[in-house]
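The values are calculated or read from the model by the stated rules, or taken from the named source; none is laboratory data. As the structure is a computational prediction, the values presented were derived from the model and not from experiment. Cβ: placed from backbone, ideal geometry, glycine included. Neighbour counts: every protein chain shown.
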Amino acid sequence: MDFLFYEVVSKPLWLWLMFLAIVVTLMIFDLGVLHKDDHEIGVAESLKLSAFYIAIAVAFGGYIWWAWSTGTLVTSDGTNPVASYFQGYIIEKVLSIDNVFVISLIFGYFAIPRKYQYRALVWGIIGVIVLRGIMIAVGAELVSNYKWMTLVFAAFLAFTGIKMLFTSEGETDVSKNPMVKLVARFLNVTKELHGQRFFVRLPNPDTNKMMLYATPLFVALVVINFADVIFAVDSVPAIFLITTDTFIVYTANIMAILGLRALYFALAALVHRFHYLKYALALVLVFIGFKGFYSYFFGKFDPYLSLAITIGIIASGIFYSLWKTRRVQLDG
């Protein structure tokens, strides 16, 4: 059993396996127990399921605190793993709200019924686990070998935040997504859904031979994962400016994404009420960018102060959005 203590990216193998076991168990429980039969998920069920995933994320944060306080967990960069984990988790969670709008457009474009959407989102987590892992590994390698990359990340985030403050949102045309064209080029795609199936065997209309076809549900899944990679371009640099410890970066990202799938149906119904949260998020990105410059030239920024500022800005954006859109709720 000595192999369990081999270090993988500065952490023992058993720690990585433990986290992946938690993720796999949650997915099996979600798909095999909670959603064994496909059904439409309402706002109330979505909020309850989201509360469950938030509780799991907080509990895992509690484990990080315990492991850190007992010396079991030591970060590779010497940062406070508890503050870093929760700050990364919160930022990733809020960044995901924009992702919800895009996901709803994708499902609408492919005419995916609500009862099949959740299963597609959960299966999409597998792709996210792999793709985020690759992006985080590349980011960790860059930061480890080129310290000045933190300045590049900081400048990118500050620029992104400023751009968000002064740029209006544009319409998203799913039909122009390159992944839609790529899948259609290499795979035969049915025009209609076949229940919850991603692939089906059907006779070729010309030869009558049985062929493998992808369904629109599979294409939607591919496009959603591609969209997640685009959104990760913001979130991954943001968390690397909080901590460069790969384990904290990865776990905070994945925990937030696991909960997003559960929260999707509530957010999709209420996203219009969080219009001004975009500006709060923009300020957070500018702040994280500023913190990156500060840490590079003057030393570490207090982690708990950074966490408090992040929570304060986002909370202000949420409350202001709800207050400004209260008439929309009343009229509805």
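Quick notes on this structure:
- Exclusive hit being farther than 30 Å from M210 by Cα, under 23 Å from the mean Cα position of the chain (by Cα), free of Cβ contacts under 8 Å to residues at least 12 places away in the same chain and surrounded by 15 or more Cβ atoms within 10 Å (Cβ to Cβ), set M164, M149: M149
- Set R119, R201: member being charged (D, E, K, R), in contact with a Leu (Cβ under 9 Å, 6 or more places away or on another chain), farther than 30 Å from Y296 by Cβ and modelled with pLDDT of 85 or more: R201
- Counted residues, the range 258-280 - those being touching an Asp or Glu at 6+ places or on another chain (Cβ under 8 Å) and surrounded by fewer than 24 Cβ atoms within 10 Å (Cβ to Cβ): 1
- In the set (1) closer than 12 Å to Y213 by Cβ; (2) out of contact with any His (no Cβ under 6 Å at 6 or more places or on another chain); (3) modelled with pLDDT of 80 or more; (4) of a type outside the set (D, E), G195 fails one condition alone, (1).
- Residue match in the range 204-219 (condition: assigned to a helix (DSSP H, G or I) and within 15 Å of the chain's Cα centre (by Cα)): no
- Within this structure, K115 passes the test of being among the basic types (K, R), part of a helix (DSSP H, G or I) and over 20 Å from the mean Cα position of the chain (by Cα).
- Any hit, the range 183-190, residues being closer than 22 Å to S104 by Cα, under 29 Å from the mean Cα position of the chain (by Cα), at pLDDT below 85 and assigned to a helix (DSSP H, G or I): yes
- Scanning the range 66-94 for residues that are of a type in the set (A, V, I, L, M, F, W, C) and crowded, with 20+ Cβ neighbours inside 10 Å yields L73, V82, A83, F86, I91, V94.
- Test: V219 is farther than 13 Å from F110 by Cβ and touching a residue at least 40 places away in the same chain (Cβ under 8 Å): no
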